[in-house]
Structure formats: structure tokens, C-alpha cells
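Here is the structure we will look at, set down as C-alpha cells.
The values are calculated or read from the model by the stated rules, or taken from the named source; none is laboratory data. Note that the coordinates shown come from a computational prediction; the quantities given were computed from them, not determined experimentally. No Cβ is skipped: glycine too gets one built from the backbone with ideal geometry, and neighbour counts run over all protein chains shown. All accessible areas refer to the heavy atoms of the entire protein, side chains included, with ligands and DNA or RNA removed. Shrake-Rupley method; radii C 1.70, N 1.55, O 1.52, S 1.80 Å.
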Amino acid sequence: GIQVEQSPPDLILQEGANSTLRCNFSDSVNNLQWFHQNPWGQLINLFYIPSGTKQNGRLSATTVATERYSLLYISSSQTTDSGVYFCAVSGEPGANSKLTFGKGITLSVRP
Amino acid sequence: DVKVTQSSRYLVKRTGEKVFLECVQDMDHENMFWYRQDPGLGLRLIYFSYDVKMKEKGDIPEGYSVSREKKERFSLILESASTNQTSMYLCAHKAGGPAYEQYFGPGTRLTVT
């Protein structure tokens, strides 16, 4: 099956700094999502981005499908950005497609 | 707004008990999923359902069963809970087909003593 690698595994930032989180995948995809897991454990949808670029406030994401990677950019980081960021992909056609998750990137933003 | 609820945020059960975890979504989505999340192991798929009364095993189905009698509700059943089933359980749903966004519920932290 498709492999997903996220890097770096851990990241510590000072509040106000910018960061880039990377997701590499091993095959072509028709679905790619970024999630943020908050301290209470819930996964919050950030972006649905199988290709192209999207922006939402201080966050933006770019997926270069032909080169099999996606980047999540966080600008002017805040302590509330802390948590685990997951990239998940699917390359399966059909109605029963399932996401494959990376191991996550743990981000700590210090005041 | 997408809304998916799970029956409990925190649950403590004894070894050998039968445990039911429920998930309800209001998006009329065909696909529903149950995952467990453990430190160092990431998210692992237990079961998923792509229609009412339809189910497929995920990566770690042993010790679990599921039920989907209505489209909006997907239940995870631990027939006889064991301590190694202590975990965070996450329900998710999405429309049928690959190019749709998946949404997660708030999660249930289950402790089996």
C-alpha cells in the first residue's frame, strides 16, 4: 500500500516564528488531507488538498502531486498551534477508499 | 457545520465487560470508520462501513466487532474488553468515493482495568 512519511517528527518553535511541515507519499493520490490534533485528542480538518495551493488565515498548504509531496506552512505561530499534525492520503479509486495516515509531527510553540 | 458525536469522551470498564462505543453523524455520509490511536503507533483502522449493514475489516479487527443498522450510526463493540484495548478510539465519516473530505468525532478515551 501507499506509504506516508512526515518530517520532522518533532518541532519546537518560539511564538511568532514560521514553520514548514512536510509530507511525502509513495504513489499517486486522489485525496490528501492535513489534520491538527488538539490537546483533547480531536482531529480538526485543516486542508483537503490533493493538488495545488490553499490558504486559510495563517496556514497554507501546497501539494505537488507529480513529485509526491505536500507542505503545510504555519506563519506567525501561536501557542494554540501546538499539537500533532497529521497528513493522510488515499490513492484508491472507488467508493471504499480509505486514508493512510503518517505518524504525525508534534509541534510545540513556546510563549 | 459538520457534526459527529461519540457516546462518551471518557470511559472506564473492567476486564471481560462488553463495551459499546457509538458514533453518530448528521451528514448522510455513506462511509464510516473506527480507528484506535496509541502512542508511537499512530492511527490504526479497526473497521469501516461503506453502507448500512456493510462492513469491512481494517488493519486490526481482532477483538472488535461493529454494527451499522442505520446510515447515521456506527457502533464499535468490544465483546470482552481486555487491558490491551485501553486506547483512544476515534470515529470518522466521509461521503462515498475517494475525492471527499473525511471528518472525525471528538474521540473516546477508554480505560480497561
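The table below lists the values:
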| read-out | value |
| --- | --- |
| Extreme residue, farthest from the chain's Cα centre (by Cα), among residues of the stretch B:45-56 that are surrounded by 15 or more Cβ atoms within 10 Å (Cβ to Cβ) and facing chain A (nearest Cβ under 9 Å) | B:Y50 |
| Filter result for B:L78 (open to solvent by less than 10 Å² (accessible area, probe 1.4 Å), more than 13 Å from every other protein chain (Cβ to nearest Cβ) and over 19 Å from A:G94 (Cα atoms)) | yes |
| Tally, over the stretch A:1-32, of residues that are of a type in the set (A, V, I, L, M, F, W, C), crowded, with 16+ Cβ neighbours inside 10 Å and either under 15 Å from A:S75 (Cα atoms) or in contact with a Pro (Cβ under 9 Å, 6 or more places away or on another chain) (or both) | 5 |
| The stretch B:29-57 residues that are touching a residue at least 24 places away in the same chain (Cβ under 8 Å) and among the small types (G, A, S), paired with ones that are part of a strand (DSSP E or B) and open to solvent by 50 Å² or more (accessible area, probe 1.4 Å) (beta carbon under 7 Å, 6 or more apart) | B:S49/B:K55 |
| The stretch A:38-80, residues that are away from every other protein chain (no Cβ under 14 Å), free of Cβ contacts under 8 Å to residues at least 24 places away in the same chain and of a type outside the set (V, I, T) | A:Q55, A:G57, A:R58, A:L59, A:S60, A:E67 |
| Subset of the stretch A:62-81 (residues that are charged (D, E, K, R) and part of a loop (DSSP other than H, G, I, E, B)) | A:R68 |
| Residues located in the stretch A:51-61, provided they are under 23 Å from A:T80 (Cα atoms) and either part of a loop (DSSP other than H, G, I, E, B) or open to solvent by less than 30 Å² (accessible area, probe 1.4 Å) (or both) | A:G57, A:R58, A:L59, A:S60, A:A61 |
| The stretch A:81-96: number of residues that are surrounded by fewer than 21 Cβ atoms within 10 Å (Cβ to Cβ), within 13 Å of chain B (Cβ to nearest Cβ) and out of contact with any Asp or Glu (no Cβ under 6 Å at 6 or more places or on another chain) | 6 |
| In the stretch B:13-27, the residues that are open to solvent by 50 Å² or more (accessible area, probe 1.4 Å), in a loop (DSSP other than H, G, I, E, B) and at pLDDT 95 or above | B:R14, B:T15, B:E17, B:K18 |
